[in-house]
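Please treat every number below as a calculation from the coordinates, not as lab data. This is a predicted model, so every value here is computed, not measured. All Cβ positions, even for glycine, are placed from backbone atoms using ideal geometry, and neighbour counts span all protein chains on display.
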2 protein chains.
Amino acid sequence: MAQKILVLGGGFAGMYAANQVKRRLGAKADVEVISRDNYFVFQPLLPEVAAGSIAPLHAVSPLRELLRGVFVRKARVESVDFERKIVTVFQGVQRRPTEVPYDHLVVALGQEVDLSRMPGLTDHALTMKTLEDARRLRAHVIERLEHAEITQLPDVKRGALTFTVIGGGFSGIETVGEMKELIDRSLRFYPNVDPGEVRVVVLEFAHRILGEMPEKLADYAHRTLARRGIEIQTGVGVASATGTQLVTTAGEVIDTRTIVATIGNAPSPIVLRLDLPIEKGKIAVDRTMRVTGRDDVWSLGDCAMIPMKDNASARGDFAPPTAQFAVREARQVAENIAASLEGKPLSPFVYASQGALASLGARRGVAEVRGMQFTGFSAWLLWRMYYLAFLPGIATRARVLINWILDGLSPRSVVHLRAETPRDIRHHQYRAGDRVYERGNRADGVYTVIEGALEVRRMNKDGTETTRNIGPGDHFGERILFGETRRGATVRALEDSRVMVIHEEAFLNLAEGFAPLQSYFSDYLRETHGLDWTPSRPGRKNAAQ
Amino acid sequence: MAQKILVLGGGFAGMYAANQVKRRLGAKADVEVISRDNYFVFQPLLPEVAAGSIAPLHAVSPLRELLRGVFVRKARVESVDFERKIVTVFQGVQRRPTEVPYDHLVVALGQEVDLSRMPGLTDHALTMKTLEDARRLRAHVIERLEHAEITQLPDVKRGALTFTVIGGGFSGIETVGEMKELIDRSLRFYPNVDPGEVRVVVLEFAHRILGEMPEKLADYAHRTLARRGIEIQTGVGVASATGTQLVTTAGEVIDTRTIVATIGNAPSPIVLRLDLPIEKGKIAVDRTMRVTGRDDVWSLGDCAMIPMKDNASARGDFAPPTAQFAVREARQVAENIAASLEGKPLSPFVYASQGALASLGARRGVAEVRGMQFTGFSAWLLWRMYYLAFLPGIATRARVLINWILDGLSPRSVVHLRAETPRDIRHHQYRAGDRVYERGNRADGVYTVIEGALEVRRMNKDGTETTRNIGPGDHFGERILFGETRRGATVRALEDSRVMVIHEEAFLNLAEGFAPLQSYFSDYLRETHGLDWTPSRPGRKNAAQ
């Protein structure tokens, strides 16, 4: 009977593993991939999606197209029962759990981003991990240009035109290079923005960028980016962030509306929930990629700690988390699963990097291939050729190539597609002295203090001013219940503070439809404001879709 | 001194009006367009975006590219002070109001969708008005196919594979035709879905579809769509909708997860707020498109009621809300504004329709051009040629043409791009007898009853069952506060009900960070469940981005 090989994850590691297992075992194996998305993301192209040189749809391939003969399940993994050999998932809009049995399990769930070590960063930074992230970044940059074009306030304009990227590794450098190209090529449509007003900064905590590349190439990259007007700060990290500022570890306060964090890799919550042996945040495996203590569970890719030698201990003794390695690991894991089914001995994973490439945007790059080094246009062309050849599927390759040709021929579109509706409940970080909002501003929601202290100054009808200081648990801005559309008070942070914002529409729905809040606000408004409030329109408006 | 001509709206009417005014008046006018989006949407292509034959970015053009010499402001109109001749807007992320002065104001704000007359439709129907709508529909259809492919529950599969479109006008017919083509072309990737299991239905309340076209062409369209497996119900409308069903006015209950509403045009809230004379939901203008009672305010497009003859009263006496008319109106309004500045007499808007075209998907169409009628492939080709020529800007035309060619050559991508994160606060409609959730389901949030009555059945630890009936103001599902991930109770609607759902993460943030809810739930859980709850992680997780 066919063995059921179940692969968790549809990235480089998972997709290629499923593909290789199917190829090797054919009808002898039922191969299934469980993936949150129904597509494979070609990660190296994400910066180009963010810069608009490739359409989002064209930088990804449907797993169903790539994995013929493999069953693809778009679902979220909830848990694994290693004794019963069953994975429990939630699929579709369904809330009913589904059980998927396996004979061999391959865990390739990658990593996620955790920015919680730096105050405010989780709340205010964009990331560059998923396709959604890339789309969001493009929309965000264009929105900033739109705003800079029409604002008459110099400090708002400065913040809108300052773009910061945290991390000078491959992802950070490629992102900043592409982002700068998008901005440069778009400025012709924004006559009120002078190129000299644009500031693009990248922060790298190490003493140089592109730490994984030879120093000579990193130096070339540094000079090339600097010549294009990108400011590179090495030996500098981020200390904290708010919606309008970034504070560096060097003490500089940068007014910016754009913080892109390419740092902070962390294990995904699912991996931690699986109850497998964890080593430095990754799943512990032996050199054959079999999970320590299990005969039928394998792990590879960014979520696994794969030793490349016996008694591995130093960082360099383990396989690095790159696409290049993941693809090779997939091949080896497939071979080992086949061997294990046939009762043959397993082989350790052995591979030496063939080199590294980085695009710097604006037709420049750096590359090291089998010891040879390339810079400039030739390296950039090599980058494009390499990744084009690396892309899975002919259709995808054709689409990307056509996108690239079109992008070379025509101006880049400055269409701002809203990537997402803002969440109904958000958090904001403020630094001591920051203004949360001021009198006359549009009333956009109700705020509650999570940490810190703030000051609310209200102008009374008789011309006098009332000041009250508030702290954790207090709320402000609730006058939107009376249809207040403009703020009557000015609120400032007295110390570094974190607040939770409930979006106007959501708050009205809650206050009018949710009984505990209804009675609380009836009482509260009567007692503190002497006002009578009766919820008039419970559930009056759709918040779905 | 140059006159300031301010255009509100960047659709067919507004974009062409700004363009024509600038062309006619050149340096004699400062022309500004205020638009919510920074792009012009070519509405007739939206069904193709929904079907994936054109990338979203390629179906729109940046206003800045189309309107050289015109100032484009991406902002939301709040109010107009007609005495001071000032429009107040909110721009960017800013909450500070900005005032924009004008000499002549052109209102071209279009229409919006209002589905509130039919219970549940606002909460559960998709619409086809904006680019976001089209993207969302494509993602929604593919998500249904993904779910149908993997579910083992026959009724879930039937609901996932039943697609309904409400309205048999141009928008409804083109949408249903394209949607069917997307499904048909995608099925090769979904081996578990038999084509016979797919049901696509369009409901039209009138006695025939395409009411604006000659009967002969509408009949052809009807036959062609029916032959392709699309079920057309005429004389039938929608009575009510839930997340899983649509009830028709004929009494049929259709199990469906997809309801696309192409009906329900209504004035936008901004238009109603402007305090201009309104006639049948539209701005009242004279035959020159000048707003009744104002010398310096003009209105055109879908938001204006433009009489085509003196003493107009019947529906046919007014300009129809089509792109074809809007473009002609724009030309006339520009001429009249120029005439008004030069003190010359104004001319009434006069135009006779040159015909109409509709695409039926799968390379079939119907067309009437200057009295001549076309059907089938020739009409479809005419449709594409006409709209290609009609598209503004050579770059856009080239992009659309290349998209079309690629789509003809390669399989359509089934990549499911998540269009949006679901809202934190949503509403759901249920019919009497519907299950809201059942024991063992994933706990996805906290529910509160807005209207109706429900029954909660809980299995106790000793094996007995407790039943309680709840109504407006009551809540259920709050055990997620203790980390409950699966439901311990089954909830059903006893009568037609509407509930508000607060998404799990949002609810935990609110209950732990918002003092009134914190104390309410401490008390509540102690009193009703005898459980001690202390909020442990206020604001623990980011809900931003």
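Which of the aspartates and glutamates could a cross-linker bridge to A:Lys28, judged by Cα under 18 Å and excluding same-chain residues fewer than eight apart?
Candidates past the 8-residue exclusion: A:Asp103, A:Asp296, A:Glu335, A:Glu342.
Roughly speaking, what is the stretch gain from A:Ser378 to A:Arg36, that is 0.36 nm per residue apart minus the C-alpha to C-alpha distance, in nm to one decimal?
119.4 nm
Starting from 0 in steps of 10 Å, tell me what percent of the Cα-Cα pairs of the stretch B:27-146 lands in each bin.
11, 31, 32, 20, 6, 1
Based on a Kirkwood Rh over C-alpha pairs, give the Stokes-Einstein translational diffusion coefficient of chain A at 4 °C and viscosity 1.567 mPa s in µm²/s. Mind showing how you got there, number by number?
On the way: Rh = 26.1 Å.
Estimated via Stokes-Einstein, D reaches 50 µm²/s.
Report, by chain and number, residues whose modeled amide H sits under 5 Å from the one on A:Asp30, excluding near sequence neighbours (fewer than 5 apart, same chain).
Here the answer is A:Gln3, A:Lys4, A:Ile5, since their amide H atoms fall under 5 Å of that of A:Asp30.
Could you tell me how far the Cα centroid of the stretch B:97-133 sits from the Cα centroid of the stretch B:287-311, in Å?
20 Å
Going by Cα centres, the stretch A:434-450 and the stretch B:338-405 are how many Å apart?
Cα centroid to Cα centroid, the span is 48 Å.
Return one number: the angle in degrees, 0 to 90 and rounded to the nearest 10, between the long axis of the Cα atoms of helix A:376-390 and the longest principal axis of the Cα atoms of chain A.
Value to nearest ten degrees: 70.
Tell me, what are the semi-axes, in whole angstrom and largest first, of the equivalent ellipsoid of the stretch A:425-529 as set by the roots of 5 times the Cα gyration tensor eigenvalues?
21, 17, 13
Report the rotationally averaged projected area of the protein assembly as shown based on its alpha-carbon convex hull, in square nanometres.
Details: hull surface 179.3 nm².
Its Cα hull, projected and averaged over all orientations, spans 44.8 nm².
Could you work out the relative contact order of the stretch A:425-529? I mean the mean sequence separation of Cα pairs under 8 Å and 6+ apart, divided by the number of residues, in percent.
With pairs under 8 Å counted, the relative contact order is 40 percent.
Quick check: pseudo-label points 7 Å beyond the Cα along Cα→Cβ at A:Arg315 and B:Ala206, how many nm apart are they?
6.9 nm
Sorted from fewest to most neighbouring beta carbons within 10 Å, what does the list B:Phe71, A:Phe189, B:Phe514 look like?
B:Phe71, A:Phe189, B:Phe514
From the phi of every residue in the stretch B:226-235, what ³J(HN,Hα) in whole Hz does the Karplus formula 6.51 cos²θ - 1.76 cosθ + 1.60 yield, where θ is phi - 60° and glycine or proline is x?
Using θ = phi - 60°, the values come out as 4, 4, 7, x, 8, 8, 10, 10, 9, x Hz.
For B:Glu279, list long-range residues whose amide hydrogen, built 1.01 Å from N in the peptide plane, is under 5 Å from its own amide hydrogen.
B:Ala284
Charges at C-beta only: +1 for Lys and Arg, -1 for Asp and Glu. How large is the resulting dipole of the protein assembly as shown about its Cα centre, in Debye rounded to 20? Let's see the in-between values first.
Values: 142 positive and 130 negative charges, 529 e Å.
Dipole magnitude for the protein assembly as shown comes out near 2540 debye.
Can you tell me the 0 to 90 degree angle between the C-alpha axis of helix A:12-25 and the longest principal axis of chain A, rounded to 10?
Between the helix axis and the principal axis of chain A, the angle is about 30 degrees.
Quick check: pseudo-label points 7 Å beyond the Cα along Cα→Cβ at A:Glu78 and A:Thr485, how many nm apart are they?
4.6 nm
Amide H neighbours of A:Leu210 under 5 Å, counting only residues 5+ apart in sequence or on other chains, H built in-plane at 1.01 Å?
Sorted by chain and number, the residues that satisfy this are A:Gly169.
What gaps in nm, shortest first, separate B:Leu531 from its twins in the other copies when you place the label 7 Å past Cα toward the beta carbon?
3.6
By DSSP, what percent of the beta bridges with both residues in the protein assembly as shown are antiparallel, rounded to the nearest 5? Can you show the working numbers first?
Numbers: 133 of 203 bridges.
Antiparallel bridges: around 65 percent, rounded to the nearest 5.
What dipole magnitude, in Debye to the nearest 20, does chain B give about its Cα centre under +1 on Lys/Arg Cβ and -1 on Asp/Glu Cβ?
1400 debye
Local charge sum around A:Phe12 (other residues, Cβ-Cβ under 11 Å, Lys/Arg +1, Asp/Glu -1)?
-1
If you plug each phi of the stretch A:2-8 into the Karplus form 6.51 cos²θ - 1.76 cosθ + 1.60 with θ = phi - 60°, what whole-Hz ³J(HN,Hα) values come out, in order, with x for Gly and Pro?
4, 7, 9, 9, 10, 10, 9
Report, to the nearest 10°, how far helix A:131-150 tilts away from the longest principal axis of the Cα atoms in chain A, using its own Cα long axis and a range of 0 to 90°.
40 degrees
For the stretch B:320-412, what does the alpha-carbon gyration tensor say about shape, rounded, prolate or oblate, given a ≥ b ≥ c as the root eigenvalues, a/c under 1.5 as rounded, and a/b over b/c as prolate?
Oblate is the answer for the stretch B:320-412, as a/c is 1.5 or above yet b/c matches or exceeds a/b.
To check you understand DSSP bridge types, tell me what percent of the beta bridges within chain B (both residues inside) are antiparallel, rounded to 5. Display every interim value, and only then the final one.
Working: 66 of 101 bridges.
Percentage antiparallel, nearest 5: 65.
Compute, for the stretch B:425-529, the length of the dipole vector about the Cα centre, with Cβ point charges of +1 (Lys, Arg) and -1 (Asp, Glu) only. Units Debye, rounded to 20.
Roughly 320 debye, rounded to the nearest 20.
Okay, helix-only estimate at 222 nm for chain B: each DSSP H run of n ≥ 4 adds -39500 (n - 2.57), divide by all residues, round to 500 deg cm²/dmol; what do you get?
Theoretical 222 nm ellipticity from helices: -9500 deg cm²/dmol.
State which stretch of chain A is the longest one without any exposed GluC sites (Glu not before Pro), exposure meaning a DSSP loop state and at most 11 other Cβ atoms within 10 Å.
Result, exposed sites excluded: A:84-341.
Apply the Karplus curve 6.51 cos²θ - 1.76 cosθ + 1.60, θ = phi - 60°, to the phi angles in the stretch A:244-253 and return the couplings in whole Hz, x for Gly and Pro.
These are the phi-based 3J(HN,Hα) values: 10, 9, 10, 10, 8, 5, 7, x, 6, 9 Hz.
What does the charge count near B:Ala330 come to, summing +1 for each Lys or Arg and -1 for each Asp or Glu among other residues with Cβ under 15 Å from its Cβ? Intermediate values should be presented prior to the final figure.
On the way: positive: B:Lys22, B:Arg23, B:Arg24, B:Arg290, B:Arg328, B:Arg331; negative: B:Asp302, B:Glu329, B:Glu335.
Neighbourhood net charge equals +3.
Using label points projected 7 Å from each Cα along Cα→Cβ, tell me how many nm separate A:Arg23 and A:Ala2, to one decimal.
1.9 nm
Scan the stretch B:439-534 for trypsin sites (Lys or Arg not before Pro) in coil per DSSP, keeping those whose Cβ has at most 11 other Cβ atoms within 10 Å, and list them by number. Intermediate values should be presented prior to the final figure.
Values: sites: B:Arg439, B:Arg442, B:Arg457, B:Arg458, B:Lys461, B:Arg468, B:Arg479, B:Arg486, B:Arg487, B:Arg492, B:Arg498, B:Arg526; in loops: B:Arg439, B:Lys461, B:Arg487.
Sparse-neighbourhood loop trypsin sites (Lys or Arg not before Pro): B:Lys461.
Measuring nothing but label to label, 7 Å from Cα along Cα→Cβ, what are B:Gly433's distances to the other copies in nm, shortest first?
Copy-to-copy label distances for B:Gly433: 6.7 nm.
Tell me, what is the percent relative contact order of chain A, built from C-alpha pairs under 8 Å that lie six or more residues apart?
13 percent
Mind checking which aspartates and glutamates have their C-alpha under 13 Å from B:Lys74, skipping anything on the same chain fewer than 8 residues away?
A:Glu143, A:Glu146, A:Glu149, B:Glu32, B:Asp37
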